[in-house]
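Below: the structure, in structure tokens.
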């Protein structure tokens, strides 16, 4: 081979080597890319596509559906009712940031009086209440209420840290005017963290542990070592004799600093 031919072969060899290196880098990054929780593939330690294992998102196969313990409509005044579903999440370290739901209220003939849709969060490892206010029965008497979550929705790893914090409700009391009941209490935050916006839901039970009244209030938060008063009023007497006053603190676990 002439000198010119050898030089041309050297150039071509260098060009092919360069192209080969580039192609190797490109294909290596595709074929041997590290597994992530957003690549739309089941890989690494994942139990499903982008869920389970080291991913924050849980696979639905790991989840037990929330259990609706009871639902009920509660008279407020005239044709206006409040409705509530009492639900249990048995998943010890799994929660939902946004869970759409639907209430349906029926009369004694099985006809729908009202549908009410909304969304809530599902806290880990606890019972919680879903409340809707001011349902207009339009002159009908609510006979039954159904509640269901409108899934599927995404579950994420979340430890029940709210249950371990020194945050509680104290000094729960009921006034003596049976015709205009008022329940009051104090939210006490003895933790080192400021608590963001929260709801407090009141459930009043009679001596047979049947819920006879419900209400809800929302507060903008309470600082560390702070106190916040809460109160609930009803415009008419309860339908039974109040025996237990249960105030439920409802805090979105995805908004807390702990």
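The values are calculated or read from the model by the stated rules, or taken from the named source; none is laboratory data. Fair warning: this is a prediction, and the values are worked out from it, not measured in the lab. Counting neighbours? That spans all protein chains shown, and the Cβs are built from the backbone with ideal geometry, glycine included.
In the stretch 198-247, which strands (runs of 3 or more DSSP E) lie fully inside it and hold 2 or more residues that are in contact with a strand residue (DSSP E or B) (Cβ under 8 Å, 6 or more places away or on another chain), free of Cβ contacts under 8 Å to residues at least 40 places away in the same chain and within 20 Å of residue 81 (Cα to Cα)?
Correct list: 211-219.
Can you tell me which residues in the stretch 161-185 are within 12 Å of residue 249 (Cα to Cα), modelled with pLDDT of 95 or more and surrounded by fewer than 16 Cβ atoms within 10 Å (Cβ to Cβ)?
168, 170
So, residue 190, is that one more than 15 Å from residue 84 (Cβ to Cβ) and in contact (Cβ under 8 Å) with a residue 60 or more places away in the chain or not?
no
Can residue 154 be described as farther than 30 Å from residue 60 by Cβ and either surrounded by fewer than 17 Cβ atoms within 10 Å (Cβ to Cβ) or within 21 Å of the chain's Cα centre (by Cα) (or both)?
no
Could you look through the stretch 160-192, keep only residues that are in contact with a strand residue (DSSP E or B) (Cβ under 9 Å, 6 or more places away or on another chain) and part of a loop (DSSP other than H, G, I, E, B), and pick out the one that is farthest from residue 258 (Cα to Cα)?
180
Identify the single condition in (1) more than 13 Å from the chain's Cα centre (by Cα); (2) in a strand (DSSP E or B); (3) surrounded by fewer than 17 Cβ atoms within 10 Å (Cβ to Cβ) that residue 114 does not satisfy, given that it satisfies every other one.
That leaves (3) as the condition not met.
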